[in-house]
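Below: the structure, in structure tokens.
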Amino acid sequence: MSAFQMPVCMPASTVRAIAEVRSLNTAVDVQPAAFVLTFGCQQNEADSEHLRGMAAEMGYRIANYAEEAELILVNTCAIREHAEKKALSIIGQYKHLKAARPSLIIGICGCMVAQQHRVEELKNRYPYVDFTLDAASIHRLPEMVLERRRGGRRACTYVELPRDHVPDVVEGMPLRRETRWRAWLSIMYGCNNFCSYCIVPYVRGRERSRAPADIEAEARALIADGCRDITLLGQNVNSWGRMADGSFPEGDFASLIGRLAELDGDFRLRFMTSHPKDASDALIETMASHEKIARHFHLPLQSGSDTVLARMNRRYTAERYLGIVDRLRAVMPDITLTTDIIVGFPGESEADFEATLEILRRVRFDMIYSFIYSPRKGTPAAEYTDQIPEEVKHERFDRLIALQNEISYERNKLEEGKVLRVLCDGEKTQEGKTFCSGRTDGGKLIYFAGAARPGDVAQVKVERAEPFVLRGVQM
Ligand code: SAH
Ligand code: SF4
Ligand code: F3S
């Protein structure tokens, strides 16, 4: 089902719509503004950079507040109920903005609006929303805006696509990144894994990969522009380049990142996310032999119990997972390891949960992202009859966090006394003192005394570790 397909350029209709909205926007005295609000993961952040890029091409100024805007775009997430509730509550607050300024256009984009029930809810209960646009269709933004600018109809529509439909890879969409020194670089879209709890394969569609030449050209351009830190993005980067028959005719992810790591320049490559069932020895070897690949591996575990992993459809065992960790540490002893954990998956017994805690004690992750299981409509796990009571989920969640906080602190303490390469990305003022703020190669947050400016790479001596931050001084 996966596809490595020929990319398509932005459709001519989109290019025309950009030009038409632009001429409307330049005909008025005050340049109208666009505001983009993003929920969800890095993929959504990357999509929002395209939304901002298209808005800027259409002649909008990019605003920091919804109140200033003539065009509001909310890029939504559907991963947990909380993410949807938050977006809907904010969309609710925009009602009075539209009442005060009827020319305001409000578009709801992203994963939430790839679900029929949410599109219907927006259509019926949020009549001031102008259009919805799912993540695979964001290149159609200019046409949607133009239609409304011309007084056309609202477009909150859901189109059901066949489960094996592979959306296009659209190249050449305008892009407006937030900083010059750090960048998301999407290498693939969608997911074919269908973990039983997860909505992503339904809302983002089938896996499709960008062509290696397009990825390399974008990486080269970023590096030439002074970018120091590039994160290659995909729901399962190890599927990059996989054909429907399972072959990798243009090379696999390990070969792609290895090639990019050989480009000239002072930069680091990262990647998110790697699925344990596909994390290959070739990738580990490639990382170990290229210092431009950051020493950080995010490897979502989800659960330490084989019974739960099987019901999650994760297709690996705890033992296999531990084997990958051992191989990573054998060749890169200092590597930062992070993971995702879901607590309270249907049927999770106390013994299952204890198995997760046991893996945390054994692996000693630097950091974990932990989530309380949230049933997602349309996914198999939402139908399981052995859902865990809320209070049990919360109690387990608290125990998980308490254990990991101790481990994170202990892991941070191991950095004390080391001199680390840090990419400065801003400042932090605490108790009247201002520090530089940045991230280590391992991705750890560090506040340090020094003269580094955002975008500078500094050598920083770690003087003290705290549970969630390192503190140091620039050498
Ligand atoms: N593609 C990535 C992760 C995508 S979603 C991967 O496979 O690892 C990010 C994280 O959200 C997941 O790793 C999982 O821990 C969590 N998550 C996904 N669906 C969830 C749900 N229904 N309830 C709670 N957490 C969920
Ligand atoms: Fe969701 Fe699993 Fe795909 Fe990750 S690999 S996006 S958790 S279905
Ligand atoms: Fe959310 Fe969609 Fe990302 S559901 S986590 S924004 S892929």
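Scanning region 54-85 for residues that are hydroxyl-bearing (Ser, Thr, Tyr), buried (at least 18 other Cβ atoms within 10 Å of the Cβ) and more than 16 Å from ligand 1 (Cβ to nearest atom) gives a single hit, 60.
Specify the residue that is nearest to residue 49 (Cα to Cα); the eligible residues are those in region 181-204 that are within 8 Å of ligand 2 (Cβ to nearest atom) and under 14 Å from the mean Cα position of the chain (by Cα). Can you show your working first?
Quick first cut of region 181-204, residues within 8 Å of ligand 2 (Cβ to nearest atom) only: 191-195, 197-201, 204.
Among the residues that remain, those that are also under 14 Å from the mean Cα position of the chain (by Cα) are: 191, 200, 204.
Working: 191: 21, 200: 20, 204: 17 Å.
So the residue we want is 204.
Please determine whether any residue of region 269-276 is open to solvent by less than 20 Å² (accessible area, probe 1.4 Å), touching a Lys or Arg at 6+ places or on another chain (Cβ under 8 Å) and within 15 Å of residue 222 (Cβ to Cβ). Yes; the residues of region 269-276 include at least one that is open to solvent by less than 20 Å² (accessible area, probe 1.4 Å), touching a Lys or Arg at 6+ places or on another chain (Cβ under 8 Å) and within 15 Å of residue 222 (Cβ to Cβ). If the condition is being crowded, with 17+ Cβ neighbours inside 10 Å and either under 16 Å from residue 337 (Cβ atoms) or within 8 Å of ligand 1 (Cβ to nearest atom) (or both), then region 352-363 contributes 356, 359, 360, 363. Looking across region 207-246, the residues that are open to solvent by 10 Å² or more (accessible area, probe 1.4 Å), assigned to a loop (DSSP other than H, G, I, E, B) and farther than 17 Å from residue 41 by Cα come down to 210, 211, 225, 226, 228, 242, 243, 244, 245, 246.
Every residue, every condition in (1) open to solvent by less than 60 Å² (accessible area, probe 1.4 Å); (2) at pLDDT 95 or above, yes or no:
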site: 421; (1), (2): yes, yes
site: 432; (1), (2): no, no
site: 439; (1), (2): no, yes
site: 444; (1), (2): yes, yes
site: 450; (1), (2): yes, yes
site: 459; (1), (2): no, yes
site: 465; (1), (2): yes, yes
site: 469; (1), (2): yes, yes
site: 472; (1), (2): yes, yes
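Annotation: of all residues in region 182-198 being near ligand 1 (Cβ under 10 Å from one of its atoms) and in contact with a helix residue (DSSP H, G or I) (Cβ under 7 Å, 6 or more places away or on another chain), the one that is farthest from residue 277 (Cα to Cα) is 197. Considered as a group, the residues in region 277-296 that are part of a loop (DSSP other than H, G, I, E, B) and in contact with a Leu (Cβ under 7 Å, 6 or more places away or on another chain) include one that is most open to solvent (accessible area, probe 1.4 Å), and that residue is 292. In region 275-296, the residues that are touching a residue at least 12 places away in the same chain (Cβ under 8 Å) and within 16 Å of ligand 3 (Cβ to nearest atom) reach residues that are open to solvent by 10 Å² or more (accessible area, probe 1.4 Å) and in a helix (DSSP H, G or I) with C-beta atoms within less than 9 angstrom, at least six apart or across chains, in these pairs: 275/238. Is at least one residue of region 121-128 more than 16 Å from ligand 3 (Cβ to nearest atom), modelled with pLDDT of 95 or more and of a type in the set (S, T, N, Q)? Yes - at least one qualifying residue is present in region 121-128.
It is to be established whether one or more residues within region 175-197 are in a helix (DSSP H, G or I) and either farther than 25 Å from residue 67 by Cβ or of a type in the set (D, E, K, R) (or both). No, region 175-197 contains no residue that is in a helix (DSSP H, G or I) and either farther than 25 Å from residue 67 by Cβ or of a type in the set (D, E, K, R) (or both).
Looking at region 325-423, the helices (runs of 4 or more DSSP H) lying wholly inside it that each contain 2 or more residues that are within 16 Å of ligand 2 (Cβ to nearest atom) sit at 380-383. Looking across 93, 115, 42, one residue alone is out of contact with any helix residue (DSSP H, G or I) (no Cβ under 6 Å at 6 or more places or on another chain), within 16 Å of ligand 3 (Cβ to nearest atom), polar (S, T, N, Q) and open to solvent by 30 Å² or more (accessible area, probe 1.4 Å). It is 42. Here residue 376 meets each of (1) farther than 25 Å from residue 40 by Cα; (2) among the basic types (Lys, Arg); (3) surrounded by 15 or more Cβ atoms within 10 Å (Cβ to Cβ) with one exception, condition (1).
Scanning region 247-258 for residues that are surrounded by 16 or more Cβ atoms within 10 Å (Cβ to Cβ) and either hydroxyl-bearing (Ser, Thr, Tyr) or touching an Asp or Glu at 6+ places or on another chain (Cβ under 7 Å) (or both) yields a total of 1.
Name the single residue, out of those in region 297-311 being under 22 Å from the mean Cα position of the chain (by Cα) and surrounded by 23 or more Cβ atoms within 10 Å (Cβ to Cβ), that is nearest to ligand 3 (Cβ to nearest atom). Result: 302. Sub-6 Å Cβ pairs linking a first residue in region 376-400 that is under 20 Å from residue 199 (Cα atoms) to a second residue that is away from ligand 1 (no atom under 12 Å from the Cβ) and assigned to a helix (DSSP H, G or I), at least 6 apart or interchain, number zero.
Return yes or no: is residue 129 within 25 Å of residue 253 (Cα to Cα) and part of a loop (DSSP other than H, G, I, E, B)? In short, no.
The values are calculated or read from the model by the stated rules, or taken from the named source; none is laboratory data. Everything numeric in this text was worked out from a predicted model, so none of it was measured. In this analysis, Cβ positions are derived from the backbone assuming ideal geometry, glycine residues included, and neighbour counts consider all displayed protein chains. What goes into the accessible areas is simple: the full protein's heavy atoms, side chains included, and nothing from ligands, DNA or RNA. Shrake-Rupley method; radii C 1.70, N 1.55, O 1.52, S 1.80 Å.
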